[in-house]
1. Amide H to amide H, which residues 5 or more places from Gly7 or on other chains are under 5 Å from it, using H placed in the peptide plane?
2. Among Thr162, Thr83, Ala181, pick out the residue whose Cα is farthest towards the positive end of the charge dipole of region 2-193, where Lys and Arg carry +1 and Asp and Glu carry -1 on C-beta, about the Cα centre.
3. Output the Kirkwood hydrodynamic radius of region 2-193, Cα pairs only, in Å rounded to one decimal.
4. Once you keep just the Cα pairs under 8 angstrom separated by 6 or more residues, what percentage relative contact order results for region 2-193?
5. Sort Leu141, Leu89, Leu57, Leu111 so that the residue with the fewest other Cβ atoms within 10 Å of its own Cβ comes first and the one with the most comes last.
6. Exposure proxy check: Thr83, Thr162, Thr9 ranked by fewest other beta carbons within 10 Å?
7. How large is ³J(HN,Hα), in whole Hz, for each residue of region 120-136 in order, when computed from phi with the Karplus curve 6.51 cos²θ - 1.76 cosθ + 1.60 and θ = phi - 60°, using x for Gly and Pro?
8. Quote the charge dipole size of the chain about the Cα centre in Debye, to the nearest 20; the model charges only the Cβ of Lys and Arg (+1) and of Asp and Glu (-1).
Amino acid sequence: MKVGIMGGTFDPIHIGHMLAAETARDAFGLEQVWFMPSHIPPHKHAAGASGRERLELVREAIKNDESFRILDWEIVRGGVSYTIETVRLLQERYPSDDFYFIIGADMVRYLPKWREIDELARRLFFIGVGRPGVPLDLERLPVHIAERVLLADMPMVDISSTMIRERASGGKSIRYMVPEAVYDYVQRGNLYGVQPRSVD
Ligand code: ATP
Ligand code: MG
């Protein structure tokens with residue numbers, strides 16, 4: 001089976017993540033995409049949601065899509081999440097599956113800095129999608145990495161989790177920037193400092 005892995009902090013998950021996963025699935029015939037929230041050391045994320053909350057947000061986002069699943073290994077393991085470590089475990093557990101790691105243009109550019117990138121690039125392909133403001137060109141990457149990055153054409157989505165956290169805490173609407181169920185969960189849980197809606 002061809003499986004996409006959509007890794008991220010998802011603080012919160014938004015439509016850019018959803019569309020990246022669907023675009024990659026569609027473009028390369030992936031049977032499933034597994035959303036994998038990474039764990040973040042607490043000191044780095046005082047302003048955001050907890051690991052458990054981020055997991056719940058992703059669960060809400062994907063609950064009606066049969067092709068999308070959740071992989072909670074990095075949250076459960078805790079500590080700093082290194083993709084290479086998780087991918088080793090994945091390939092041990094699912095030896096007959098082929099994994100494709102889905103990333104946005106900002107992450108494509110940053111690939112040479114990933115831990116054990118040479119080993120990681122031997123183990124799987126990356127699928128890169130565009131992100132506004134960041135050129136998606138593979139020519140700047142070392143050849144042995146560039147040849148392991150497949151590109152999928154996606155309409156640009158100029159939304160980030162940072163933007164959403166800032167809007168929410170500033171009292172601005174985030175509706176339709178995130179899946180409806182995520183929006184409801186954020187409102188209910190009063191995450192990111194949103195003010196609960198008045199019901200009059
Ligand atoms: P933050 O602002 O907190 O960094 P983010 O919006 O960048 O959040 P991440 O959880 O950091 O989201 O990203 C997870 C993955 O999704 C990364 O590979 C990132 O490049 C990709 N991604 C995030 N937003 C978009 C977007 N709008 N379009 C395409 N890819 C995206
Ligand atoms: Mg980011």
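Here, each number is a calculation from the coordinates, and none is a lab measurement. Predicted, not measured: the structure shown is a model, and the values here were computed from it. Note: ideal-geometry Cβ built from the backbone for every residue, glycine included; neighbour counts use all protein chains shown.
1. Amide H to amide H, under 5 Å and 5 or more residues apart or across chains, Gly7 pairs with Met36, Ile102.
2. Of the listed residues, the answer is Thr162.
3. Kirkwood radius, region 2-193: 17.0 Å.
4. Details: 298 pairs, mean separation 51.9, N = 192.
In percent, rounded to a whole number, it is 27.
5. Values: Leu141 18, Leu89 12, Leu57 25, Leu111 21.
In increasing order of surrounding Cβ atoms, one gets Leu89, Leu141, Leu111, Leu57.
6. On the way: Thr83 22, Thr162 12, Thr9 19.
If I rank by nearby Cβ atoms, fewest first, I get Thr162, Thr9, Thr83.
7. So the Karplus estimates, Gly and Pro as x, are 4, 5, 6, 7, 8, 9, 9, 10, x, 10, x, 9, x, x, 10, x, 9 Hz.
8. Working: 25 positive and 28 negative charges, 108 e Å.
Once rounded to the nearest 20, the dipole reads 520 debye.
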